[in-house]
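No value in this document is a laboratory result; all are computed from the given coordinates. Note that the coordinates shown come from a computational prediction; the quantities given were computed from them, not determined experimentally. Ideal geometry is used to build each Cβ from the backbone, glycine not excepted, and the neighbour counts take in all protein chains shown.
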Amino acid sequence: MGTSRGKRPLLPDARVPAGSPTLRRRELGAQLRALRNARGLTVEQVAAHLMCHPSRVSRLETGARGVTARDIRDLCDLYGVTDPAERAALTRLAAEGKQQGWWQSYELGPFATYAGLEESAVTFRQYQSTTMPGLLQVPEYVRAMSAVLVPEVPDERADVFVEVKMRRQGRLTAAHPPTLSVVLDEAVLRRAVGGPAIMADQLDHVLNVTKSPNITVQVIPFCAGAHSAMDSTFSIMDFAESVPSVVYVEGLVGWIYIERPPDVTRYEQVFEKLKARALDPKDSAELIACTSAYFRSAATGAAEPR
């Protein structure tokens, strides 16, 4: 029964509750890729068997495309999956991958993929060089950032951005919250997004959330000099079950998802170097508090220029 080569990939227990549809599609894709590799087949060979373009098979395996019940039937036949329970588990994942997540009603475009992944990540490792991470932003900071986007964002759309970010942040205080480890360049603290009053509120918020045991923030001070990610910003997301980790990189050219294990490992190594270069959490909190106090004074006209 099942595949004849290699170790059978583990399928999720039917008692495990469904995660986000984005995660379920990627989980199913990982299972299908493992089954194909266990049979020693290439993407092109599978595509020829299914009479489709190889890109369709690739999209199924990366979770970029939903999988139909017919796809599962045909692929199980090709991969020699004969156990009814295994076929049913794959079919269930395909059905869960077609469900609607809360974020899909907000018309987020390409960012919906990230929101779906974020919904089920169990750990986040984030580095930001210029702006506060979305999971830590206060509403007025979100609005200030929306005001400088190109093309310009109308007020009603900025309201949507705020609502989405507040819903995303809700996971940090859920019953079983993810672990969030953030490294910030000092420039993130110093840039007065929205003005000094908003920055003071923003930094005070960071100090408050880091009281939670699942959230850690470290700052790389200017005096630390050059480091390996000065021109970058990224987020590493880790998941439970059999879903591989993903690195998310955002910029003006769009959204990039990095999944090749060697590339993910490189980002993990860079993140560890950044943590080592940064102040420890206690000293970082002191720097954040000092910067907040400066902005608070500046908002009232009491700060000395510097």
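Only beta bridges with both residues in the chain are counted; by DSSP, about 50 percent of them are antiparallel. Under a model in which nothing but the beta-carbon of Lys, Arg (+1) and Asp, Glu (-1) is charged, the chain shows a dipole of about 940 debye around its Cα centre. Estimated translational diffusion coefficient (Stokes-Einstein, Kirkwood radius over Cα pairs, 20 °C, 1.002 mPa s) of region 92-194: 141 µm² per second.
Note on region 104-299: Rg/Rh from C-alpha atoms, Kirkwood Rh, equals 0.94.
In region 245-284, inverting the average of 1/r over every pair of distinct C-alpha atoms gives 11.7 Å as the Kirkwood radius. Whole-percent P(r), region 205-275, all Cα pairs, 10 Å bins from 0: 15, 40, 38, 7, 0.
Distances between every pair of Cα atoms in region 21-96, grouped in 5 Å steps from 0 to the bin holding the largest one, split as 3, 18, 31, 29, 16, 3 percent.
According to the calculation over all Cα-Cα pairs in region 138-242, the P(r) per 5 Å bin from zero is 2, 9, 16, 20, 22, 17, 9, 3, 0 %. Classify region 30-167 as rounded, prolate or oblate from the Cα gyration tensor: take a ≥ b ≥ c as the square roots of its eigenvalues, call it rounded if a/c is under 1.5, otherwise prolate when a/b beats b/c and oblate if not. Prolate is the answer for region 30-167, as a/c is 1.5 or above and a/b outweighs b/c.
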